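Data block below; observations after.
Read-outs throughout are calculated quantities, based only on the coordinates presented, and are distinct from any laboratory measurement. Note that this is a predicted model, so its numbers are computed, not measured. We place every Cβ from the backbone using ideal geometry, glycine too, and count neighbours over all the protein chains shown.
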Amino acid sequence: MCLAVPGKVLEIEERDGTRMATVDFGGVIKDVCLEYLPDLQVGEYAIVHVGFALQRLDEESARQTLALFGNLGLLDEEFGDPWQQAAAEAGPAPAGAAEADR
């Protein structure tokens, strides 16, 4: 699943002619393109989808949405380690599998 997640802009810089931001998604920090919201400023919130800030959002709405996503486990699904998630979904390793790897 790919969510549009609210995040807070921590820092803005120009990279190779593209306006980019460091964004905090409730403790997960990612780089985000700001080309669709060129006037977004540090401290503001935006809804981000696949690495692009798409819409400005007020702080209270952002916090409520992040809390809801967190309670539903959607943030782990969106930002978690894909290898760890795949291993968890696969279940426990068969007996003797660790010995076979040696």
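Grab every C-alpha pair in segment 1-65, bin the distances at 5 angstrom width from 0 up to the longest one, and report whole percents.
For segment 1-65, the pair-distance distribution reads 4, 21, 35, 26, 11, 3, 1.
Between LYS30 and ILE12, with labels modelled 7 Å along Cα→Cβ, what's the label distance in nm to one decimal, could you check?
Taking the two extended label points, one gets 2.0 nm.
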